[in-house]
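A short worksheet on the structure shown next.
The values are calculated or read from the model by the stated rules, or taken from the named source; none is laboratory data. Predicted model only: the values in this text are computed from it and were never measured. So basically every Cβ, Gly included, is an ideal-geometry build from the backbone, and we count neighbours across all protein chains shown.
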Amino acid sequence: MSAWTREDLKRRFGRSDDPEIEARRQWILKVLLEDSPEVKARLIEEEGIKRGQQQGRLTEARASLRRVLARRGLALSAALEAQIDGCSELATLQRWLDQAVTAASAGDALA
């Protein structure tokens with residue numbers, strides 16, 4: 001496929017802020033994917049890999065945070081454990097990890 005054709009397709013079928021146009025675009029994509037199960041399977045697999053990688057990053061960030069808190073002798077209550085486990089934002093876990101390095105308590109680290 002030529003570069004021009006790709007750009008034309010992106011222009012015609014790219015995301016739109018207009019809900020009606022976006023709904024039409026989603027319908028077209030769904031119909032095309034139904035006609036190509038191989039592509040659909042590959043996209044699902046790629047999405048699963050991305051989710052798995054994100055989950056791995058979150059798990060590692062939680063473990064690092066707990067390790068720093070433990071090494072500093074800052075005990076985690078059940079509520080703080082649940083707060084860490086419930087956090088699904090990598091940026092928040094990283095901020096807590098940074099705060100854990102100097103925090104006076106585990107609660108301060110997770111503030």
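Being loosely packed, with under 11 Cβ neighbours inside 10 Å, part of a helix (DSSP H, G or I) and without any contact (Cβ under 8 Å) to a residue 40 or more places away in the chain: is that true of GLY52 here? Steps first, answer last, please.
Numbers: loosely packed, with under 11 Cβ neighbours inside 10 Å: yes; part of a helix (DSSP H, G or I): yes; without any contact (Cβ under 8 Å) to a residue 40 or more places away in the chain: yes.
So GLY52 fits the description; yes.
Hey, could you check the range 11-29 for residues that are exposed (fewer than 11 other Cβ atoms within 10 Å of the Cβ) and among the basic types (Lys, Arg) and say which is modelled with the lowest pLDDT?
ARG12
Working only within the range 71-111, note down all residues that are surrounded by 13 or more Cβ atoms within 10 Å (Cβ to Cβ) and among the small types (Gly, Ala, Ser).
ALA100, ALA103, SER105, ALA106, GLY107, ALA109
Please find, among GLU47, GLU60, the residue that is surrounded by 10 or more Cβ atoms within 10 Å (Cβ to Cβ), within 30 Å of LEU33 (Cβ to Cβ) and either in contact with a Ser or Thr (Cβ under 6 Å, 6 or more places away or on another chain) or without any contact (Cβ under 8 Å) to a residue 12 or more places away in the chain (or both). If you could, list the steps in order and put the result at the bottom.
On the way: GLU60 fails: within 30 Å of LEU33 (Cβ to Cβ).
After applying the criteria, what remains is GLU47.
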